[in-house]
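A.B. asks: Quick one: structure below, then a few questions.
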Amino acid sequence: MILKYLKPFIFQIFIIVVLTFGQVIADLLLPNYMAHIVDVGIVHNDIAFILRVGGIMLLVSLGGVICAVCSGFFASRTALAVGKNLRSSLFSHITRYSLAEFDQLGTASLITRTTNDVQQIQTSTFMILRMMLRAPVMCIGAIVMAIHKDRGLSLILLAILPIIIVLILVVSRKAMPLFRSMQRKLDKLNMVLRENLVGIRIIRAFSRVGYEKRRFAAANEDLTRTAVLVNRIMAVLGPSMMLSMNLLTIGVVWFASFRIDAGSLQIGDMMAFIQYAMQIFMSLMMLTMMFVMLPRAMASAERIREVFSLQPEVVDTTNPVSFAGKKGHVIFRNVTFRYHNAENPAVNNVSFTASPGETVAVIGGTGSGKSSLLNLILRYYDAESGEILVDGTDIRRVTQENLRERIGYVPQHAVLFSGTINDNIRIGKQDATDEEIHYACTVAQASDFIGQMPDGYRTQVAQGGTNLSGGQKQRLSIARAMVRKPDIYVFDDSFSALDFKTDSRLRAALRDETRTSTVIIVAQRVSSIMNADKILVMDKGAIIGEGTHQQLLQANEVYREIVLSQLSEEEIV
């Protein structure tokens with residue numbers, strides 16, 4: 001997966017490879033020059049030779065530093081670009097998800113995968129570009145140079161290197177599942193934190209702060225235990241490498257002393273051999289760092305791959321058609337829908353018609369399928385069977401964008417974004433003029449409270465609309481739908497936070513404004529739908545009654561019970 005995002009940077013990677021080889025060559029040459037200075041310059045007290053070779057060493061060191069700096073620069077740029085492109089691709093893919101995919105993965109997990117997991121990939125990409133090539137080339141080059149200096153001393157390396165390699169493999173094998181577990185537990189921690197931040201008012205209102213603290217502490221402790229365990233395992237590598245390096249140095253000095261005493265080895269060559277041995281171990285240390293990071297990066301890559309492999313269920317057809325004309329005629333024909341892993345359908349064999357100029361209301365108990373019905377009109381989910389027609393065209397044959405352009409949707413829970421009031425209403429129509437915004441707010445009964453604000457329509461709305469009341473947020477949501485002047489209005493219990501006086505004025509204004517449009521309303525209040533042209537009564541996902549208020553009051557027991565629970569006998573009459 002990472003290779004796909006590295007392809008656009010092939011030229012930069014080639015430059016990094018060249019610079020890395022230059023840095024490695026410089027590092028391998030320096031011990032050899034040092035050996036010449038010790039064995040020739042210092043032994044024979046040849047100052048000119050020392051200065052000449054020392055000058056060459058300085059030039060080689062300078063070249064190595066330049067290569068290292070340039071390699072780090074290009075590696076960091078490439079890694080950051082990979083992270084940026086990966087985040088963009090993830091975000092783009094997630095925005096294509098239907099609600100079913102969000103239900104399956106969860107919001108908290110998607111946030112973690114888009115931020116923390118991508119950060120792991122980005123950091124690992126940098127480490128790979130800087131160390132994954134340099135470490136093995138340096139290791140092989142140092143081994144060759146060490147053997148060239150003295151074959152006998154090289155046998156010490158052969159005794160220690162296999163032990164180190166086996167240790168690295170064993171530790172990595174044990175750490176890999178723990179890193180995967182850490183990311184899952186980080187998901188849970190993010191979920192608990194997000195729930196606490198979003199629901200802080202409820203938590204405080206019901207004095208659940210202590211409970212939530214314990215809940216967060218439990219998730220935090222669970223993550224900490226796993227992190228401590230994996231770090232303990234990985235911590236074995238560092239001291240083991242240092243111990244092996246020191247033992248090797250002792251062994252080289254011990255055995256080299258006999259060879260120097262016999263005259264078969266010079267002091268400079270021994271010093272060079274020790275430096276090559278250190279380079280071998282430094283290469284292994286770099287590989288160890290890679291093995292520390294790669295398991296977690298691989299776990300993150302697998303989690304990101306899961307996001308990309310999960311394809312949205314609701315997709316546009318390959319040969320979309322366009323709606324014929326501008327009407328807003330909605331027809332449900334034997335539509336059945338069930339959520340994932342649900343035993344019973346949320347919508348069961350539903351059929352009805354909503355025509356332009358007609359107001360269709362949907363009422364029923366909690367869990368009767370009212371909101372699911374609206375989600376199907378918006379095509380947030382696809383029906384299991386049956387068909388939904390808009391202007392005679394099956395909504396699965398048109399693009400989602402084309403379908404939703406014809407719908408003005410007001411959700412059950414009003415959602416506002418940070419920005420001004422104007423910005424929030426222009427979400428409904430990006431090129432809306434100030435006059436259109438003011439008119440939509442007037443119809444939605446929002447112009448009065450907006451006019452009382454210090455900055456009017458330029459008043460800043462806090463994230464989530466926390467600086468507005470529930471009724472104010474609902475009216476702005478209605479204005480956002482009104483400004484686009486759609487063919488179909490969909491109101492999902494959008495008047496619940498309004499007082500009866502405002503509700504009455506708003507419904508009167510809406511009747512005049514939506515005279516030529518199709519209006520579909522889900523409501524809990526009977527008073528909000530009494531004047532609807534058609535009322536659908538739902539129970540357990542099915543329509544068990546259809547008609548006007550008076551017809552249903554006489555013929556439908558469920559509707560009568562709902563009415564009697566809300567209105568007095570005098571109001572009913």
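The values are calculated or read from the model by the stated rules, or taken from the named source; none is laboratory data. In this text the structure is predicted, and so the values were computed from the model without any measurement. Reconstructed Cβ throughout: ideal geometry from the backbone, glycine too, with neighbour counts over all protein chains shown. Heavy atoms of the whole protein, side chains included, go into the accessibility calculation; ligands, DNA and RNA do not. Shrake-Rupley method; radii C 1.70, N 1.55, O 1.52, S 1.80 Å.
A.B. asks: Looking for whichever is in a helix (DSSP H, G or I), more than 24 Å from the chain's Cα centre (by Cα) and of a type in the set (S, T, N, Q) here; the options are SER264, SER244, SER181. Which one fits?
C.D. replies: The match here is SER244.
A.B. asks: On to the next question. From ILE42, ILE10, ILE47, ILE16, which residue is under 30 Å from ILE121 (Cβ atoms) and either open to solvent by 90 Å² or more (accessible area, probe 1.4 Å) or small (Gly, Ala, Ser) (or both)?
C.D. replies: ILE10
A.B. asks: If you don't mind, another one. Do you know which of the residues in the range 90-117 that are in contact (Cβ under 8 Å) with a residue 60 or more places away in the chain, part of a helix (DSSP H, G or I) and open to solvent by 40 Å² or more (accessible area, probe 1.4 Å) is nearest to THR317 (Cα to Cα)?
C.D. replies: LEU99
Matching residues to (1) among the charged types (D, E, K, R); (2) under 35 Å from the mean Cα position of the chain (by Cα); (3) more than 23 Å from PHE491 (Cβ to Cβ); (4) crowded, with 18+ Cβ neighbours inside 10 Å:
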residue: ALA414; (1), (2), (3), (4): no, yes, no, yes
residue: GLY419; (1), (2), (3), (4): no, yes, yes, no
residue: ALA432; (1), (2), (3), (4): no, yes, no, yes
residue: GLU435; (1), (2), (3), (4): yes, no, yes, no
residue: SER447; (1), (2), (3), (4): no, no, no, yes
residue: GLY456; (1), (2), (3), (4): no, no, yes, no
residue: GLN460; (1), (2), (3), (4): no, yes, yes, no
residue: GLN463; (1), (2), (3), (4): no, yes, yes, no
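A.B. asks: Could you say which residue among ARG225, ARG208 is under 30 Å from ILE304 (Cβ atoms) and either free of Cβ contacts under 8 Å to residues at least 24 places away in the same chain or of a type in the set (Val, Ile, Thr) (or both)?
C.D. replies: After applying the criteria, what remains is ARG225.
A.B. asks: Listed residues ASN319, ASN341; which is part of a loop (DSSP other than H, G, I, E, B), exposed (fewer than 12 other Cβ atoms within 10 Å of the Cβ) and within 28 Å of the chain's Cα centre (by Cα)?
C.D. replies: ASN341
A.B. asks: While we're on this one: Considering only residues that are outside any loop (DSSP other than H, G, I, E, B) and of a type in the set (S, T, N, Q), which ones fall in the range 322-338?
C.D. replies: ASN334, THR336
A.B. asks: Scan the range 372-395 and report the pairs whose first residue is farther than 19 Å from PHE102 by Cα and among the hydroxyl-bearing types (Ser, Thr, Tyr) and whose second residue is open to solvent by less than 30 Å² (accessible area, probe 1.4 Å) and at pLDDT 90 or above, with Cβ atoms within less than 8 Å and a gap of 6+ or a chain change.
C.D. replies: Pairs found: SER385/VAL335; SER385/THR336.
A.B. asks: Which count do you get for residues in the range 196-215 that are within 27 Å of the chain's Cα centre (by Cα), among the small types (Gly, Ala, Ser) and assigned to a helix (DSSP H, G or I)?
C.D. replies: 0
A.B. asks: Give the number of residues within the range 352-380 that are assigned to a loop (DSSP other than H, G, I, E, B) and open to solvent by 20 Å² or more (accessible area, probe 1.4 Å). Give the steps one after another, and end with the answer.
C.D. replies: We begin by selecting, within the range 352-380, every residue assigned to a loop (DSSP other than H, G, I, E, B); these are 355-358, 365-369, 378-380.
Retained after the next criterion (residues that are open to solvent by 20 Å² or more (accessible area, probe 1.4 Å)): 355-358, 365-367, 380.
Adding up the residues that qualify gives 8.
A.B. asks: What about ILE535, is it buried (at least 16 other Cβ atoms within 10 Å of the Cβ), farther than 15 Å from GLU358 by Cβ and in contact (Cβ under 8 Å) with a residue 60 or more places away in the chain?
C.D. replies: Values: buried (at least 16 other Cβ atoms within 10 Å of the Cβ): yes; farther than 15 Å from GLU358 by Cβ: no; in contact (Cβ under 8 Å) with a residue 60 or more places away in the chain: yes.
Here the answer is no, as ILE535 does not meet what is asked.
A.B. asks: Let me ask something else. In the range 322-337, which residue that is touching a residue at least 60 places away in the same chain (Cβ under 8 Å) and touching a helix residue (DSSP H, G or I) at 6+ places or on another chain (Cβ under 8 Å) is surrounded by the fewest Cβ atoms within 10 Å (Cβ to Cβ)?
C.D. replies: SER322
A.B. asks: Just wondering, is there one or more residues in the range 482-495 that are open to solvent by 60 Å² or more (accessible area, probe 1.4 Å), in contact with a Leu (Cβ under 9 Å, 6 or more places away or on another chain), touching a residue at least 40 places away in the same chain (Cβ under 8 Å) and farther than 30 Å from THR336 by Cβ?
C.D. replies: Looking through the range 482-495, none of the residues is open to solvent by 60 Å² or more (accessible area, probe 1.4 Å), in contact with a Leu (Cβ under 9 Å, 6 or more places away or on another chain), touching a residue at least 40 places away in the same chain (Cβ under 8 Å) and farther than 30 Å from THR336 by Cβ.
A.B. asks: Being surrounded by fewer than 16 Cβ atoms within 10 Å (Cβ to Cβ) and among the aromatic types (Phe, Trp, Tyr), is that true of even one residue in the range 262-285?
C.D. replies: Taking every residue of the range 262-285 in turn, none turns out to be surrounded by fewer than 16 Cβ atoms within 10 Å (Cβ to Cβ) and among the aromatic types (Phe, Trp, Tyr).
A.B. asks: Going by what's in this entry, would SER207 be described as open to solvent by 80 Å² or more (accessible area, probe 1.4 Å), out of contact with any strand residue (DSSP E or B) (no Cβ under 7 Å at 6 or more places or on another chain) and of a type outside the set (D, E, K, R)?
C.D. replies: When the stated conditions are applied, SER207 passes them.
A.B. asks: Report those helices (runs of 4 or more DSSP H) wholly inside the range 464-573 carrying at least 3 residues which are at pLDDT below 90 and within 21 Å of ILE437 (Cβ to Cβ).
C.D. replies: Those helices (runs of 4 or more DSSP H) span 470-482, 500-513.
A.B. asks: Part of a strand (DSSP E or B), over 21 Å from THR514 (Cβ atoms) and of a type in the set (S, T, N, Q) - does that describe any residue in the range 410-427?
C.D. replies: Initial filter on the range 410-427 (part of a strand (DSSP E or B)): 410, 419-420.
Then drop every residue that is not over 21 Å from THR514 (Cβ atoms), which leaves 419-420.
Within this subset, residues satisfying the condition of being of a type in the set (S, T, N, Q) are 420.
Yes.
A.B. asks: Output the number of residues of the range 3-60 satisfying the condition of being under 22 Å from CYS139 (Cβ atoms), over 43 Å from the mean Cα position of the chain (by Cα) and not hydroxyl-bearing (Ser, Thr, Tyr).
C.D. replies: 8
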